Structures are given as structure tokens and as C-alpha cells.
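Everything on this sheet refers to the single structure shown next.
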Amino acid sequence: MNNISGQFRKTTWDPILIISQIVAVQSVMYFFLGIWIWIIASLLGSTNSLDYAFQYKEIHVRNFGGQLVIVIFILNALVGAMALWWLVQRTKQCMDFACTAHLIHLCCCWAYNASFPTSFSWWSLNIVSLSIMCVCGEFLCMRTELQAIPLGMNNQKTAL
């Protein structure tokens, strides 16, 4: 399938590009999650840092540590939105990539805990995180896509 002239982007199926973008978005999200967790673990003097990323019971509002875990996941959703803007660059694909990133995280948590998550707080946080990542990513991508469209005649030279 050839591109129609005047189209903004290639529309052919490119699985290597899609897989590369999925891996890149997931890598950016886990890299920054690791940085946030390292900061929190340092503040709390804790050594169970992987638990903060994957353990269901770490997500709660009962103490300051659990509240910090919630905050880092929210901050990481904003990082995910930036990753969508930087790596995916398409408003129409933000929801797909955000859902994929959270589905991969669900699988990682499931494997880490050896049980499916049943915690209300875990599901609530991940739904909120998914929503923030998707909406903010769409907003950023939309702003960029709209800037690329010339709306005026100022760029064209007129012959007299």
C-alpha cells in the first residue's frame, strides 16, 4: 500500500516500529519508576525497592510509605505521557500505547506476586495512572500535531 500524497505520515503496517515503540515506552517508564523508587527507598531507609514497583500490598494510604508509592506512580504516569509524546507522537495511538504499558505492568506484577491482583487500591491506582498517561499524552501529541498545520497564507510568496 502506497502513501497518498499529502498525508502526514506513513500508514502502512510496520510491526517492527510498533514493537520498538512499545519497548521504548515501557523502558522509559520503568527507568523513571526505578529512579522515583530509589529516591523513596533512600528517604525511607528501605531495601525492598522492587516491592514498591510490583508488590500489591505496597499501594495503600495507611502510612507515609504507601502514600509515597502512590505519588510516584502518579508522577510516573506523567513521565509516561511525555514518553508517548516523544516516542509515539500520534494522538490516535496514545490510548493504545498507554493500555499496552499498563497491561505489561499487570503481567509483571502478576508474575512477581505469583497471583492475580485483587487489591482495590492497586486497581484504582493503575486505572488513574492509565487515565493520566493517556489524557496527558493525547494533549501533548495534539498540541504538536496542531502546530505542524500551517493555517495562514503568510508562508506563501505571491507574485505580482
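Quick notes on this one:
- Lys10 fulfils the conditions (1) within 19 Å of Leu84 (Cβ to Cβ); (2) surrounded by 15 or more Cβ atoms within 10 Å (Cβ to Cβ); (3) modelled with pLDDT under 95 except for a single criterion, (2).
Every residue, every condition in (1) assigned to a helix (DSSP H, G or I); (2) not aliphatic (A, V, I, L, M), yes or no:
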residue	(1), (2)
Met82	yes, no
Ala98	yes, no
Ile104	yes, no
Cys108	yes, yes
Tyr112	yes, yes
Phe116	no, yes
Gly137	yes, yes
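- Those residues of the range 73-119 which are crowded, with 20+ Cβ neighbours inside 10 Å and either among the aromatic types (Phe, Trp, Tyr) or on the phi > 0 side of the Ramachandran plot (or both), in sequence order: Phe73, Trp85, Phe97
- Residues located in the range 55-72, provided they are exposed (fewer than 15 other Cβ atoms within 10 Å of the Cβ) and either touching a residue at least 60 places away in the same chain (Cβ under 8 Å) or under 28 Å from Leu87 (Cβ atoms) (or both): Lys57, Val61, Val71
- For the range 19-39, filtered to residues that are open to solvent by 50 Å² or more (accessible area, probe 1.4 Å) and small (Gly, Ala, Ser), the residue that is nearest to Ala81 (Cα to Cα) is Ser27.
- Residue count for the range 93-142, restricted to those that are under 17 Å from Tyr56 (Cα atoms), touching a helix residue (DSSP H, G or I) at 6+ places or on another chain (Cβ under 8 Å) and hydrophobic (A, V, I, L, M, F, W, C): 9.
The values are calculated or read from the model by the stated rules, or taken from the named source; none is laboratory data. For clarity, every value in this text was computed on a predicted model and none was experimentally measured. Methodologically, a virtual Cβ is constructed for each residue, glycine included, from the backbone with ideal geometry; neighbour enumeration extends over all protein chains shown. Surface areas here come from the heavy atoms of the whole protein model, side chains and all, with no ligands, DNA or RNA. Shrake-Rupley method; radii C 1.70, N 1.55, O 1.52, S 1.80 Å.
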